[in-house]
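None of the figures in this text is laboratory data; all of them are computed from the coordinates on show. From a predicted model like this one, the values you see are computed outputs, not experimental measurements.
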Amino acid sequence: MNQANLMAQVKKMQAEMQKAQDELANTIVTGSAAGGSVTVDVSCDQRVKRVTISREAVDPDDVETLEDLVTVAVNDALGKANETSQKRMASVTGGMKIPGLM
């Protein structure tokens, strides 16, 4: 393989990676806790988009439980976002680990 072909392949992969990153920024996953009484929507570039809390989850005398439920839902959503991102980027890179990508 000559250098020109290699550079062309690198540019193509860079374009595909940018497209994948743009798609992931617009892909939303939802994490939840307590059977869905707390949900968190997160984009796959790991930005929280929305938090929803049902009235049943709110007890003014037990704020700590609500805090725990929000934490669980956020972590669930971030885990799903990370998994989705890894799968999408692996499809672009052929499974190669590229430092600084994720």
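A helix-only calculation puts the chain at -19000 deg cm²/dmol for mean residue ellipticity at 222 nm, using -39500 (n - 2.57) for each DSSP H run of at least four residues, averaged over all residues.
On full extension of the chain, what length is gained from R55 through A15, given 0.36 nm per residue of separation minus the C-alpha to C-alpha distance? Intermediate values should be presented prior to the final figure.
Values: separation 40, 0.36 × 40 = 14.40 nm, distance 4.54 nm.
Stretched out fully, the R55 to A15 stretch lengthens by 9.9 nm.
Mean projected area of the convex hull spanned by the Cα atoms of the chain, taken over all viewing directions: 7.5 nm².
3J(HN,Hα) along the range 13-19: 5, 4, 5, 5, 5, 5, 4 Hz, from the Karplus curve 6.51 cos²θ - 1.76 cosθ + 1.60 with θ = phi - 60°, whole Hz, x for Gly and Pro. At full extension, M7 and V48 could sit 11.1 nm farther apart than now, given 0.36 nm per residue minus the alpha carbon distance. Can you give the angle from 0 to 90° between the axis of helix 63-93 and the longest principal axis of the chain, with both taken from C-alpha atoms, to the nearest 10? Its long axis makes an angle of about 10 degrees. Non-local lysine pairs in the chain, meaning eight or more places apart or on different chains, with alpha-carbon distances under 25 Å, amount to 13. Of the residues V70, V58, V42, the one that moves most in a GNM of the chain with alpha-carbon contacts below 10 Å is V58.
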